[in-house]
1. From other protein chains only, count the Cβ atoms within 10 Å of every residue's Cβ in B:144-155, then give the mean.
2. Collect residues whose amide H, placed 1.01 Å from N in the peptide plane, falls under 5 Å from the amide H of B:Asp84; neighbours closer than 5 in sequence don't count.
3. What net charge is computed for the residues neighbouring B:Ala76, neighbours being all others with C-beta under 10 Å from the C-beta of B:Ala76, Lys and Arg scored +1, Asp and Glu -1?
4. Could you go through the range A:242-253 in sequence order and give the Karplus-derived ³J(HN,Hα) for each residue, using 6.51 cos²θ - 1.76 cosθ + 1.60 with θ = phi - 60°, rounded to whole Hz, and x for Gly and Pro?
5. Given axes a ≥ b ≥ c from the Cα gyration tensor, I'd like to know whether chain B is rounded (a/c under 1.5), prolate (a/b larger than b/c) or oblate.
6. Among B:Ser204, B:Ser71, B:Ser61, rank each residue by its count of other Cβ atoms within 10 Å, from fewest to most, as a rough exposure measure.
7. Report, as an integer, the average count of C-beta atoms from other chains found within 10 Å of each Cβ along B:110-123.
8. When you look at the Cβ of every residue in A:158-167, what mean number of other chain Cβ atoms sits within 10 Å?
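Rule-based calculations on the coordinates, nothing more; no lab input. This one's a predicted model, so the numbers in the text were calculated from it and none came from an experiment. Cβ: placed from backbone, ideal geometry, glycine included. Neighbour counts: every protein chain shown.
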Amino acid sequence: MSELFERRWVRQALALTALILLWELLSRAGVIDPFYAPPPSTVAVTLYQLFAGGEIWKHIAATFTAALLGLAGGLVIGAALGFAAAMIPPLADVLEPVMILLNAIPRVILAPLFIIWFGIDIGSKVALSLVLVAVLVFFSVYSGIREVDTRLVERVKTLGGGRGTLLREVYVPSVTAWVMGSLKVAASFAFTGAVVGEFVASSRGLGYLLSFAQSTYNAAQTLALILIIMGFVLVLFWLAGRVERRLLHWRYA
Amino acid sequence: MIAKPRSRALEPEREPLPGEPAALAAQPSVVRVRDLRMRYGDAEPVVEGVSLAVDEGQVVSLVGPSGSGKSTVLRAIAGLHQPDGGTVELGVAAAETGFLFQDDALLPWRTARQNVALGLKLHGRAPAEALAEADRWLARMGLAGLKGRYPRQLSGGQRKRVALAQVLALKPRLLLMDEPFASLDAIVRHHVTQDLLAWIERESIAVLLVTHDLEEAQALSDVVYLLSRGPRAHVRNRYPVAIPRPRDLIGARGHPSFAPLLAHIWNDLSAEVGPLGDTA
């Protein structure tokens, strides 16, 4: 028993269980108002009802589609711009201030604008998600190329490597390492973009359900939806981790 | 991005360099540096008026106070930096020049054998052939069992041997080395250096070695150049080393001429550096 207790995950699981139990007891005893903090059992029932009705899948699919399209688009566009800026200095002079500005502001403030431009359908959600991811990836690639290990560049040069070799053997792997380092954050940003976009204006999606639950003061449903979103982000994190370990196997070997 | 190949057949007859007996100047050179001036940006030149030569099959060391621009001279010869003045002439093709760096920065995303094979592929070998040749070189370096490892799975000494295999596999006729063994502990350093020395003598590779270790310089070299304190460092003196080859590192230190020459170079270096050893 004590041996088991020494494992970190066991202690973490115990702490979580204790917290849920305490919440359940306090909520049932009326010490905390169930209207604001419904007991975990109620949240669990709501969660079950959401899935039992089957309606939820339509919303999950909508959010996931927007997030994944935004993530893919953001990765491609961010990487392309970062690469171009690092290779063509005049372009960097124009792009860098824009990206720094976009990086400095909370990019979700663009949501209303995107809804005006692209409508309340999936387009505006993908756009928001894409902007969130692209700025992050831009800086990963841009600094990845500029801060590439010059010792490796010189080594490959003295072995007789030209531009193409340097690109293939040094720049691309080095940038991949940088991008993979921010892949988890990018996945979470993609989800943020999709949900916030739905929150602002939409007719489906987890963000839409969340907005609806909030407007009706349904704390149980709000908590259940938050749990669903957390669950999916964790799945995405796990997937991103798998991709990272695969592409950067030299780092984990 | 890439240094232009600067292969040029050097005429065997040349003017003697400062401090060099005229008879030596009659031999063909692999490297000939004349009045080299190097600067970084608008700063004062690091080196100015450096002239030196490495002849066929000769091991030459470059010693001097830190900051005297030893590495800079080497980088100019390798084509990694353009000289600000003077000339660098190579008697071998750029492809026949190997550079062994101070650090052992191998490509971290390539295994030991892929790192060695890269140079071979860049020299026109087919991929499969390059890998097979890389395996033979790693085996020669005593790393046969480690060929599939990534650099971070290797010790400092093992990485250095991979770097050495990477360079030697290309059969260089000129080897430029920038304090290649500085980071290794004494025993590993001795073994790696001894193996390299044997190989250099067997293949009669011309070597230009930058080091801060006077004993190492003398034990390995035919000629030692002492650079003056920088900036505007120049060749302060040139010392022929009269120890017969083949050598071994311990035996060379026991040669009667070793201690007197060491004292001589040491005195000159101390005079250059100042009483506090302060080279800042």
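1. Details: counts 0, 0, 0, 0, 1, 2, 5, 1, 4, 2, 0, 0.
Average per residue, whole number: 1.
2. When sequence neighbours closer than 5 places are left aside, the close amide H contacts are B:Arg37, B:Met38, B:Arg39.
3. Details: positive: B:Arg37, B:Arg75; negative: B:Asp84.
Combined, the nearby Lys, Arg, Asp and Glu give +1.
4. Working through the residues one at a time gives 4, 4, 4, 5, 6, 6, 10, 4, 5, 7, 10, 4 Hz.
5. Numbers: a/c = 1.58, a/b = 1.38, b/c = 1.14.
Prolate, since a/c reaches 1.5 and a/b exceeds b/c.
6. Values: B:Ser204 12, B:Ser71 18, B:Ser61 27.
So the residues, fewest neighbours to most, are B:Ser204, B:Ser71, B:Ser61.
7. On the way: counts 3, 2, 0, 0, 2, 3, 1, 0, 7, 6, 2, 5, 7, 2.
Per residue, the number of nearby Cβ atoms from other chains is 3 on average.
8. Numbers: counts 17, 15, 14, 6, 3, 2, 0, 4, 2, 0.
The shielding value for this peptide is 6.
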